[in-house]
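Here's the structure we're looking at; comments come further down.
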C-alpha cells in the first residue's frame, strides 16, 4: 500500500525552508521541503560570504556536470567572505530567454539545495515553487530532479503545465512552458524552452519523476488541475487564508475589514466531502500546527497536514536568529500580531506580514527605503507595442513602472518582497552608506501558538520537537515508501 507523510513541512520564504530544515524533517520520516524561490541569488550570496562550513562546495562536488560546477565556483566564491558592508554582486534578472550563465546557476543551485537536504537518509524530500515566479521554472526543476527530488509542490497560481514538464524531463525530453504575458498579442511567442541535452556533459543521467502536489484553495481549482493539467497530479495541499506567505484572493469582490485586511467568506471554504470524492490524497494547511488539528485532518479523510509557521521558528530554519528570538518572545507573551496586507505583494495576492519593530511592516521604515528593483523575481511580463516582451514590477520606482504602461495606483503600498525575504535570512543587500535592506517577515495567523513547542526554561526548539509534538496523538508511521519510489541521486 502506498504510504504518504502525515506532515509536510511548508516551503517558506527565500531560504527559511532551507536544506538543513528539510533534512531534519525528512530524517524523521515526514516530508521535508526546501523553498525553490530565488535559490540562484541565495546560492551566490552563500558563496560570496565564503561558504561557511563548506556545504555549497560539497554540493558542487556531487553535481553531475563538473565543468558547469567549476565555472560557478570560480565566478562567485570569495575565500573568507566579502568585506562587511560591501554589496553582493548583481545576478542578472530572469527573462523569457535567460542567458546560459543564469540557466546554469539555476540548475546548480537547485541541485545543491536538494542534494544537501537528502544527505544522510533515504526518505523523500520536496521542493516548493511559486507559479507566479515563472521564468526560472524549467531550469530550476531540472536541477532539483538531477538531485533526486521526490516531490514538487507549487501554489500562488494555477500550475497546469508543471506535471507535463516533470514527465518530459524524466524521459530526457525537452520541455516548454507558456509564460503568462499581460496583453500578449495574437500569435506572439511566449513559450519558454529547455532541453537537457544542451547542458549535459556526457550521457544524460537517469531521472525519476517526482510526485506533483498542487497547492490550491478551492474545490474548483482542484478539479481544474485534475481535468486540465498536462500530466498526473498526485495530490493537493489545501491552503486556507490563515496560512503564511501569499494567500489566494477572496472569491468575488474584494472587501476589507476595519483593519484593512481582505474578508474571506463561505465561498472561500473548501468542501472536504467534494474533495474526498476526487480520489487523490490531500493535506490541509493554514492553522493546523498542533496534534489535535492533525487528528482532525486525518478524521476528515486527509493524508495529513502541511505546517509552516511552527517550523519557521525551529533551530534549523534559515530565519535570522534575532527575528526568531523577538517573534518567539512575542508568541510566549501572546502578543504577536500578523496582518494580511492586500497591497504588499507586487503580484496582487494578499500577503501575510508579522508586525515587527524595525522591519518593513513599519510604514515609516518602508517609506524611507528608496525603490529599487534589482532581483526581479516577481516582475510581470507584458507585451510592448513593438511586439517584444517587457518586464515591470509594481514595487519598482514609480516613474519606471508608469513608463512601462503600469498604472500609478498599482504602485501604492507595494513592497520589494525579493530583497526583504533575503534580508529575513541574513543575506540583505547593502546599499549606499552601508544601509542594509530591511526585513519583512511572513508567518501564519497562528504565530502565537508556536510557544507550545518550547519546553520549560528553553528559548528555542528543534524541528524534531515540532514533529514529535504533532504526532503525539497519532501513530508515527514513516514516510519511507517501497524501494522503487525512493529517489536516488543519479
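The values are calculated or read from the model by the stated rules, or taken from the named source; none is laboratory data. Keep in mind that this is a model prediction, so the values were computed, not measured. All Cβ positions, even for glycine, are placed from backbone atoms using ideal geometry, and neighbour counts span all protein chains on display.
The figures follow:
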{"read-out": "Residues of region 403-431 satisfying the condition of being farther than 19 Å from residue 365 by Cα and touching a strand residue (DSSP E or B) at 6+ places or on another chain (Cβ under 6 Å)", "value": "404, 406"}
{"read-out": "Filter result for the condition that a residue is at pLDDT 95 or above, assigned to a loop (DSSP other than H, G, I, E, B), under 27 Å from residue 27 (Cα atoms) and in contact with a strand residue (DSSP E or B) (Cβ under 8 Å, 6 or more places away or on another chain), over 152, 233", "value": "233"}
{"read-out": "Matching option when the condition is within 15 Å of the chain's Cα centre (by Cα), buried (at least 23 other Cβ atoms within 10 Å of the Cβ) and farther than 20 Å from residue 423 by Cβ, among 33, 25, 108", "value": "33"}
{"read-out": "Yes/no for residue 355 being under 24 Å from the mean Cα position of the chain (by Cα) and surrounded by fewer than 22 Cβ atoms within 10 Å (Cβ to Cβ)", "value": "yes"}
{"read-out": "Unique match (being touching a residue at least 40 places away in the same chain (Cβ under 8 Å), at positive phi, part of a loop (DSSP other than H, G, I, E, B) and surrounded by fewer than 22 Cβ atoms within 10 Å (Cβ to Cβ)) among 252, 260, 279", "value": "260"}
{"read-out": "Count of region 363-373 residues which are within 25 Å of residue 262 (Cα to Cα) and either touching a residue at least 40 places away in the same chain (Cβ under 8 Å) or surrounded by 15 or more Cβ atoms within 10 Å (Cβ to Cβ) (or both)", "value": "2"}
{"read-out": "Pair list, Cβ < 6 Å and 6+ apart or interchain, from region 160-188 residues that are farther than 26 Å from residue 201 by Cα to residues that are surrounded by fewer than 13 Cβ atoms within 10 Å (Cβ to Cβ)", "value": "160/228; 178/191"}
{"read-out": "Filter pass, residue 91 being touching a residue at least 60 places away in the same chain (Cβ under 8 Å), within 23 Å of residue 418 (Cβ to Cβ) and surrounded by 12 or more Cβ atoms within 10 Å (Cβ to Cβ)", "value": "yes"}
{"read-out": "Meets criteria (buried (at least 16 other Cβ atoms within 10 Å of the Cβ), touching a strand residue (DSSP E or B) at 6+ places or on another chain (Cβ under 8 Å) and free of Cβ contacts under 8 Å to residues at least 40 places away in the same chain) for residue 288", "value": "yes"}
{"read-out": "Residues (surrounded by fewer than 17 Cβ atoms within 10 Å (Cβ to Cβ) and either in a helix (DSSP H, G or I) or free of Cβ contacts under 8 Å to residues at least 24 places away in the same chain (or both)) located in region 419-445", "value": "432, 433, 434, 435, 436"}
{"read-out": "Residue identified as under 30 Å from residue 51 (Cβ atoms) and surrounded by 14 or more Cβ atoms within 10 Å (Cβ to Cβ) among 416, 393", "value": "416"}
{"read-out": "Residue, nearest to residue 139 (Cα to Cα), within region 191-210, restricted to residues that are surrounded by fewer than 16 Cβ atoms within 10 Å (Cβ to Cβ) and in contact with a strand residue (DSSP E or B) (Cβ under 6 Å, 6 or more places away or on another chain)", "value": "193"}
{"read-out": "Residues of region 94-105 that turn out to be in a loop (DSSP other than H, G, I, E, B) and surrounded by fewer than 19 Cβ atoms within 10 Å (Cβ to Cβ), as a count", "value": "4"}
{"read-out": "Cβ-Cβ under 6 Å pairs, at least 6 apart or on other chains, region 97-116 side closer than 12 Å to residue 136 by Cβ, far side assigned to a loop (DSSP other than H, G, I, E, B)", "value": "102/92; 106/136"}
{"read-out": "From 233, 237, residue being touching a residue at least 40 places away in the same chain (Cβ under 8 Å), surrounded by 19 or more Cβ atoms within 10 Å (Cβ to Cβ) and touching a helix residue (DSSP H, G or I) at 6+ places or on another chain (Cβ under 9 Å)", "value": "233"}
{"read-out": "From the options 20, 45, 71, 57, residue that is part of a helix (DSSP H, G or I), out of contact with any helix residue (DSSP H, G or I) (no Cβ under 6 Å at 6 or more places or on another chain), over 30 Å from residue 190 (Cβ atoms) and free of Cβ contacts under 8 Å to residues at least 40 places away in the same chain", "value": "57"}
{"read-out": "Residues located in region 374-392, provided they are free of Cβ contacts under 8 Å to residues at least 40 places away in the same chain and touching a strand residue (DSSP E or B) at 6+ places or on another chain (Cβ under 9 Å)", "value": "384, 390, 392"}
{"read-out": "Looking only at region 393-402, and only at residues there that are assigned to a loop (DSSP other than H, G, I, E, B) and out of contact with any strand residue (DSSP E or B) (no Cβ under 8 Å at 6 or more places or on another chain), the one that is farthest from residue 12 (Cα to Cα)", "value": "397"}
